[in-house]
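Asks: Dropping a structure here in structure tokens format, bear with me for questions.
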Amino acid sequence: MKELTESIKELAETHLEDDSFFIVDVISKGISGKTKILVLLDNDEGVNIDDCATLSRKLAEDIELEDLIDVAYVLEVSSPGLDHPLSSVRQYKKNVGRRLKVKLTSGAMLEGALNAVNEEAITLAAERKENKKKLVEEKEVPFSEIEKANVLVSFK
């Protein structure tokens, strides 16, 4: 399956409209005789349904032409949802100013506004409670210490 996902990612990248688009992930799962391929597409300015449909059509043609999958399959192209963790520096940069929930490799959890991103780390305005007061401290977190980071939904 890993070879298949790599091949599909390479094919998908050949069909990106411009440099503002990027592939976040390709996930393939075998479900009761069918293979499900999920391609997560993102853009620095956001993705719309037409972007996903265009890539899906082009990718489906390539999969058939190259005979990549010899069983029944479902191809889905979508933007990564809030439940999909951030996985690239580019995604972090796109989300500067938003609130994140970060699970560290140590098991500790951080929550706060993403203030800055560089190639090695993020800077988070991390919140903690002390004596019933909410304190905010800026904390630099290396990518090597981040197990998972998700954007939090804000209803404000």
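Asks: Give region 82-112 a look and list any residue that's within 23 Å of K134 (Cα to Cα) and charged (D, E, K, R), or say none.
Replies: R98, R99, K101, K103, E111
Asks: Right, another one. Tell me yes or no: at least one residue of region 76-93 is surrounded by fewer than 16 Cβ atoms within 10 Å (Cβ to Cβ), within 21 Å of E10 (Cα to Cα) and among the hydrophobic types (A, V, I, L, M, F, W, C).
Replies: yes
Asks: Any idea which of L114, L104 is within 18 Å of the chain's Cα centre (by Cα), surrounded by fewer than 16 Cβ atoms within 10 Å (Cβ to Cβ) and farther than 19 Å from S20 by Cβ?
Replies: Step by step, each of L114, L104 is checked, and only L104 is within 18 Å of the chain's Cα centre (by Cα), surrounded by fewer than 16 Cβ atoms within 10 Å (Cβ to Cβ) and farther than 19 Å from S20 by Cβ.
Asks: Any residue at all in region 59-72 that is in a strand (DSSP E or B), touching a residue at least 24 places away in the same chain (Cβ under 8 Å) and open to solvent by less than 70 Å² (accessible area, probe 1.4 Å)?
Replies: The answer is no; no qualifying residue exists.
Asks: Mind checking whether some residue in region 30-42 is farther than 24 Å from Q91 by Cα and open to solvent by less than 20 Å² (accessible area, probe 1.4 Å)?
Replies: Yes, region 30-42 has at least one match.
Asks: A further question on this structure: Of all residues in region 49-65, how many are of a type in the set (S, T, N, Q) and modelled with pLDDT under 95?
Replies: Within region 49-65, residues that are of a type in the set (S, T, N, Q) and modelled with pLDDT under 95 number 0.
Asks: In addition: Check whether at least one residue in region 92-100 is farther than 19 Å from V26 by Cβ, in contact with a Ser or Thr (Cβ under 7 Å, 6 or more places away or on another chain) and basic (K, R), and report yes or no.
Replies: yes
Asks: Between G81, G112, G97, which is at positive phi and assigned to a loop (DSSP other than H, G, I, E, B)?
Replies: Criteria check complete, one pass: G97.
Asks: Among all residue pairs at least 6 apart or on different chains, which show Cβ distances below 6 Å where the first residue, located in region 129-155, is closer than 14 Å to L86 by Cα and the second is in a helix (DSSP H, G or I) and not aliphatic (A, V, I, L, M)?
Replies: Taking only residues 6 or more apart or on different chains, not a single pair turns up.
Asks: Would you pick out the residues in region 1-16 that are more than 18 Å from the chain's Cα centre (by Cα), open to solvent by 70 Å² or more (accessible area, probe 1.4 Å) and at pLDDT 90 or above?
Replies: T14, the sole residue that qualifies.
Asks: Would you check if there is a residue in region 132-140 being in contact with a helix residue (DSSP H, G or I) (Cβ under 9 Å, 6 or more places away or on another chain) and surrounded by 15 or more Cβ atoms within 10 Å (Cβ to Cβ)? Spell out how you get there, then give the answer.
Replies: Restricting attention to region 132-140, the residues satisfying the condition of being in contact with a helix residue (DSSP H, G or I) (Cβ under 9 Å, 6 or more places away or on another chain) are none.
No, that holds for no residue.
The values are calculated or read from the model by the stated rules, or taken from the named source; none is laboratory data. Just so you know, these numbers come straight off a predicted model, no measurement behind them. Here Cβ is always computed from backbone atoms with ideal geometry, including for glycine, and neighbour counts include all displayed protein chains. When the accessible area is computed, the model is the full protein with side chains, heavy atoms only, and any ligands, DNA or RNA have been set aside. Shrake-Rupley method; radii C 1.70, N 1.55, O 1.52, S 1.80 Å.
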